[in-house]
């Protein structure tokens, strides 16, 4: 009913535009739950074809609710397989697929559960259209593709240059070349059947099974048809976090992409993606809160990552876990303010576009100038600010009257609150009409997707706790072994040309975690109070775990002698 009332007051088109979550120029991710493990195959597809994926032939070939047994039975009779038609052989093939290539829904074991994800063991995993709907990935693949492509002009991604060239073949793109062993393009590059695998190239069993599964489909999925298939060249507003993401992935892939075994590389890359989605997400959140207070976004030199306390004991020490949970609880309380801020930006964007305001900066690829102009409109620093306030006041009044007539007067006091700017009145009212708790839940689900709390390579943990008779979800930030492995190896290489090795002490590593990612280990995040003995214990946990992983070498107790080291042997100038 609320949506119909809004449509009557604002018009169907305007109401439909505002009845949404998020403002993509600030955060090019749709709030909601997503599976981070499905992101990398989608990124491979975007880089190879230069457009978003539509529905491919997987469902047609293996069925709507395909299971491991379905796939194994069909695959065992296809090209490249011989002697896999018996029941025992099909069971073995199914177990291999479940171990290396496909994952069941909700991570369930067994060969009779519907499959929902393909692992990116090889570039040809991008041929397998899982998940079935590309939009279920919440535009996260597009975000990473844009951050890696680093095209400084244009509203849509083009072919471009650099390490991650779009639509320039396999060897012209670093990520595709690492994952595309033995793959070449034959004939017309835009043909969905132009990717071919050279059977003479030796690959691991996991990659071979992925290749066989992909080639059984006959072709890559086509471009999406129901919406614009092009990739928006939209960078997030937190430019420092975006730059860090590019540098970390680029250095890591150039140095280790062809050295680390694939079954170790994939979890490390997933942890990297999760950490950087988190820093981009929370970095944008911090800037939006600043914008809401001052009407402008801080300069790039003033950007800081959101401070989070890390439980380095991974839950073994209840005191440290509780400190991390309190830090996340505070974040969740603040996240409830985000939907209204995003809605205010949407309202301002819609009004500015309809008024055809001259001199509006483009939102892509860098949104900061446009967001600052919208902030100037809101705070009275723009020549059109008075017109904006007058128009929005009228809309608030009309919406309040319509709601009162339909006995939906719950948000009328907000719309008639003369102490608030009309933009904030309208934003708060629409969020309330959409369901304030549901909108906040979308952003919390986005946080859960970044933390990967159910995964062994995740950076968060989630548990249920009873507080005053109520069942609550408590989240803590942790660094499991896989993300630690990634972070150490990445920062043992210089971002300069050649990714040369560089010395890294334990002290330097702890400082990098805090200054670059906002991960506090032995210091107190702003606004918290933690005993010094707990901070020292947290630091000791991290040091002990690094030693156990073989990543820390120290001949005595002197801090300067505690040096981090790699587990993978590289040349002096890295791999590239």
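The values are calculated or read from the model by the stated rules, or taken from the named source; none is laboratory data. The structure displayed is predicted, hence computed values, not measured ones. Here the Cβ positions follow ideal geometry from the backbone for every residue, glycine too, while neighbour counts run over all protein chains shown.
When the residues of segment 438-463 are filtered to those that are in a loop (DSSP other than H, G, I, E, B), in contact with a strand residue (DSSP E or B) (Cβ under 9 Å, 6 or more places away or on another chain) and on the phi < 0 side of the Ramachandran plot, the one that is surrounded by the most Cβ atoms within 10 Å (Cβ to Cβ) is 459.
I want to confirm something. Restricting to segment 464-490 and keeping residues that are touching a residue at least 24 places away in the same chain (Cβ under 8 Å) and in contact with a strand residue (DSSP E or B) (Cβ under 8 Å, 6 or more places away or on another chain), which single residue is farthest from residue 536 (Cα to Cα)? Show your work before the answer.
Of segment 464-490, the ones touching a residue at least 24 places away in the same chain (Cβ under 8 Å) are 474-490.
Within this subset, residues satisfying the condition of being in contact with a strand residue (DSSP E or B) (Cβ under 8 Å, 6 or more places away or on another chain) are 474-479, 488.
Numbers: 474: 24, 475: 22, 476: 19, 477: 18, 478: 16, 479: 17, 488: 21 Å.
Among those residues, the one meeting the criterion is 474.
Residue pairs whose Cβ atoms lie under 6 Å apart, sitting 6 or more positions apart in sequence or on different chains, and linking a residue in segment 263-289 that is assigned by TED's automatic domain parsing to the domain that holds residue 210 to a partner that is at pLDDT 95 or above and surrounded by fewer than 23 Cβ atoms within 10 Å (Cβ to Cβ), do not occur here.
Can we say residue 356 is part of a strand (DSSP E or B) and out of contact with any helix residue (DSSP H, G or I) (no Cβ under 6 Å at 6 or more places or on another chain)?
no
Going through 2, 21 one at a time, which residue ends up being touching a helix residue (DSSP H, G or I) at 6+ places or on another chain (Cβ under 7 Å), under 20 Å from residue 348 (Cα atoms) and in contact (Cβ under 8 Å) with a residue 12 or more places away in the chain? Walk me through it before giving the result.
Details: 2 fails: under 20 Å from residue 348 (Cα atoms).
Step by step, each of 2, 21 is checked, and only 21 is touching a helix residue (DSSP H, G or I) at 6+ places or on another chain (Cβ under 7 Å), under 20 Å from residue 348 (Cα atoms) and in contact (Cβ under 8 Å) with a residue 12 or more places away in the chain.
From the list 66, 42, the lone residue that is under 13 Å from residue 118 (Cα atoms) and modelled with pLDDT of 95 or more is 42. If we scan segment 192-209, do we find a residue that is surrounded by 14 or more Cβ atoms within 10 Å (Cβ to Cβ) and within 23 Å of the chain's Cα centre (by Cα)? For segment 192-209, residues surrounded by 14 or more Cβ atoms within 10 Å (Cβ to Cβ) and within 23 Å of the chain's Cα centre (by Cα): absent. If only residues of segment 509-537 that are surrounded by 13 or more Cβ atoms within 10 Å (Cβ to Cβ) and within 14 Å of residue 326 (Cβ to Cβ) are counted, the one that is nearest to the chain's Cα centre (by Cα) is 520. Of all the residues that make up segment 285-304, how many are part of a helix (DSSP H, G or I) and under 22 Å from the mean Cα position of the chain (by Cα)? Qualifying residue count for the region: 6. Of the residues 26, 88, 71, 43, only one is without any contact (Cβ under 8 Å) to a residue 24 or more places away in the chain and either part of a helix (DSSP H, G or I) or under 20 Å from the mean Cα position of the chain (by Cα) (or both); which? Result of the check over 26, 88, 71, 43: 88. Please tell me if residue 308 is loosely packed, with under 14 Cβ neighbours inside 10 Å and not assigned by TED's automatic domain parsing to the domain that holds residue 10. Criteria not met by residue 308.
Note on segment 359-389: residues that are under 19 Å from residue 238 (Cα atoms) and free of Cβ contacts under 8 Å to residues at least 24 places away in the same chain total 3.
Counting only residues that are more than 22 Å from the chain's Cα centre (by Cα), crowded, with 22+ Cβ neighbours inside 10 Å and in a helix (DSSP H, G or I), segment 142-191 holds 0 of them.
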